[in-house]
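Enquirer: Submitted below is the structure of interest, expressed as structure tokens.
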Amino acid sequence: MATPPNTENPDSLNLHPEAVQTDYLTDETETAPGTTEQSHAQAELQEELGEGAETDGETVIPYDNASDSGWDSGSLIGDDTYTLASSIMNYRMENGRQYHAYRDGAYWGPNDEHAKEILDFAHHMYLLTLDRKLHLAPIRNPQVILDAGTGTGIWAIDMADQYPSATVIGTDLSPIQPEWVPPNCHFEIDDVTLEWTFPPDHFDFIHIRELFGCVPDWDFFFQQAYNHTKPGGWIEIVEHSVEPIATDGSMGADHFYTLWGKTVIELGQKFGKPFTIWKESKERLEKAGFVDVVEVRYQWPINGWPTEKKLKDIGRWNQLRLHEGIEGFMIRLLTQVGGWSVARAQLFLAEMRKCLKDYKTHAFLPGTVVYGRKPSRRSKESSQS
């Protein structure tokens, strides 16, 4: 069985601190109605820091969306997911982009408004890809659903609307989800790469999407998911490659896309959190004990080069997502993990934006939707007899 990651030395991207400009910035926080425990957290935080407190010369101030009516803070007190410490509600400014401060450096992407917009672009693309379906797993009447790494919470909110009798829980390192959500949707601050604190056999459905480059030990992660899925419950993971490819000869080995993909893969390996889970999910789910595992493959064109309408639409959205989002995808990895200067990193990103306008290269990103079921107790007993 996989062993839990070392939590005494939290993941950090600060391998090359001289390559980035960092600061901790803050803003006033407003408390939404009915968020008593969040108010207690803010009061304790203010008392802890004092007026205009500074840490190592860096001003630390709470995150401006700390109080959300959708946040289930009470269930988190007392474990690692919520300690009322200042780091949870803070954010970090780096190279002009805003990042989470809870378990600082564990995730490579920013959490500012622009980054949230890019995440929602991807949600729309997945709806187009899956023909407006939120999942492919054949779940029936789910009562408890987990969205691990929920991001903006848009998938969790849509699921709460689609399954009003279910409780939908979204977890993330950043408290960036909307303030007002369906009453059956809740968000928790959590790092799902650590040992889970949910009850065993708890979830009818666990959903994972775009956690590539986020998980140091996928076998440990999937074992946690297995332990906390109800017998007969389902898991689904949706991921895509970061290496553009073409199958019609329009992209040579010396194309910039090849360098791009190689660079991302190498940075993920150096970071200790690979970007290759899209092609490993089926095998790893089966290794964890899930059965009836199904892999469905899809393609995201790099831009609008296809002639078929659905793929052309997806490609145009992908071009927009990448053109507007690659700085957030890559600037932290390039500068902190790769040790690049900001100027060199921006030139690299500019070359990618230039390539995205080339419709003669028929490149795409392959991806997979993989889902599987935890055996029911009856089927496990039958197989053992």
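Enquirer: Looking at the range 177-197, which of its residues are of a type in the set (A, V, I, L, M) and open to solvent by 10 Å² or more (accessible area, probe 1.4 Å)?
Expert: At the first step, the residues of the range 177-197 found to be of a type in the set (A, V, I, L, M) are 181, 189, 192, 194.
Those that are of a type in the set (A, V, I, L, M) and open to solvent by 10 Å² or more (accessible area, probe 1.4 Å): Val181, Val192, Leu194.
Enquirer: Taking Leu320 as meeting all but one of (1) in contact with a His (Cβ under 9 Å, 6 or more places away or on another chain); (2) over 30 Å from Arg377 (Cα atoms), write down the number of the exception.
Expert: Here Leu320 meets the rest and fails (1).
Yes or no, residue by residue, for (1) open to solvent by less than 50 Å² (accessible area, probe 1.4 Å); (2) in a helix (DSSP H, G or I); (3) at pLDDT below 95; (4) among the β-branched types (Val, Ile, Thr):
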| site | (1), (2), (3), (4) |
| --- | --- |
| Gln336 | yes, yes, yes, no |
| Ala345 | yes, yes, no, no |
| Leu349 | yes, yes, no, no |
| Lys357 | no, no, no, no |
| His362 | no, no, no, no |
| Leu365 | yes, no, no, no |
| Tyr371 | yes, no, no, no |
| Pro375 | yes, no, no, no |
| Lys380 | no, yes, yes, no |
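Enquirer: To continue, here is another question. For the range 230-272, which positions are more than 20 Å from the chain's Cα centre (by Cα) and closer than 30 Å to Phe203 by Cβ?
Expert: Lys230, Pro231, Gly232, Gly233
Enquirer: Between residues in the range 124-152 that are under 19 Å from Ile314 (Cα atoms) and residues that are at pLDDT below 95 and buried (at least 16 other Cβ atoms within 10 Å of the Cβ), which pairs lie under 7 Å by C-beta distance while being six or more apart or on different chains?
Expert: Listed pairs, sorted by first residue: none to list.
Enquirer: Let me ask you something else. Within the range 173-190, track down each residue that is over 22 Å from Lys230 (Cα atoms) and either in a strand (DSSP E or B) or within 18 Å of the chain's Cα centre (by Cα) (or both). First the steps, then the outcome.
Expert: First pass over the range 173-190, keeping only residues over 22 Å from Lys230 (Cα atoms): 173-183, 189.
Hits for the range 173-190 are Leu173, Ser174, Pro175, Ile176, Gln177, Pro178, Ile189.
Enquirer: Moving on to the next point. Residues being at pLDDT below 90 and touching a Ser or Thr at 6+ places or on another chain (Cβ under 7 Å): count how many of those fall in the range 110-129.
Expert: Here the count works out to 1.
Enquirer: So which residues in the range 130-170 are touching a Leu at 6+ places or on another chain (Cβ under 7 Å), within 13 Å of His207 (Cα to Cα) and hydroxyl-bearing (Ser, Thr, Tyr)?
Expert: none
Enquirer: What about Glu324, is it in contact with a strand residue (DSSP E or B) (Cβ under 9 Å, 6 or more places away or on another chain) and either touching a residue at least 40 places away in the same chain (Cβ under 8 Å) or on the phi > 0 side of the Ramachandran plot (or both)?
Expert: Working: in contact with a strand residue (DSSP E or B) (Cβ under 9 Å, 6 or more places away or on another chain): no; either touching a residue at least 40 places away in the same chain (Cβ under 8 Å) or on the phi > 0 side of the Ramachandran plot (or both): yes.
Considered against the rule, which asks whether it is in contact with a strand residue (DSSP E or B) (Cβ under 9 Å, 6 or more places away or on another chain) and either touching a residue at least 40 places away in the same chain (Cβ under 8 Å) or on the phi > 0 side of the Ramachandran plot (or both), Glu324 comes out as no.
The values are calculated or read from the model by the stated rules, or taken from the named source; none is laboratory data. Everything quoted here is computed from the prediction, not taken from an experiment. Note that each Cβ is placed from the backbone with ideal geometry, even for glycine, and that neighbours are counted across all protein chains shown. Heavy atoms of the whole protein, side chains included, go into the accessibility calculation; ligands, DNA and RNA do not. Shrake-Rupley method; radii C 1.70, N 1.55, O 1.52, S 1.80 Å.
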